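Bear in mind these aren't lab numbers, they're just calculated from the coordinates by the rules spelled out. All figures in this text were calculated on a predicted structure; none of them were measured in a lab.
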Amino acid sequence: MEARLKQGNVPEIPEELIRRIVSEEIERLLRKREEALREASLLERIVRVEEALLAQTEVIKSLQREMNARFEALLREMDSRFEAVNERFEVIDKRFESLEKRFDMFQRVYYISFIFLTAFIAVLKFLF
């Protein structure tokens, strides 16, 4: 057979067989191409999804930083307000302590006055 091909004698292949083989080969190549495109499309989608996830992660981290900053500011403000309230209570406590001292003093004066008055009345009754 090789001798025939070298001499230029090519056996005749039916046209229908050639068409069938060519069409099968074209279909096979098209399927391969579609699969490659599908894979590329899936890879592109995966890459886009990963990029979107990374972007979302950055947005979430940014929001967390902002929220932390806000909470820290809020905590500082609350601490300062509580300190102001504590100072007010300390002032009120000092006022109550001074009032308590006054009442104690008046109570002692009242008791001493009552004792002297009772003693004075007893002396007067004893004398008269």
note = Helix 15-127 sits off the longest principal axis of the Cα atoms of the chain, rounded to the nearest 10 on a 0 to 90 degree scale, by 0 degrees
inquiry  = Can you show me the helix-derived [θ] at 222 nm for the chain, built from DSSP H runs with n ≥ 4 at -39,500 (n - 2.57) apiece and divided by the number of residues, rounded to the nearest 500.
reply    = -35000 deg cm²/dmol
query = How much length is gained if the chain between F116 and D104 is pulled fully straight, taking 0.36 nm per residue apart and subtracting their Cα-Cα distance, in nm to one decimal?
reply = 2.5 nm
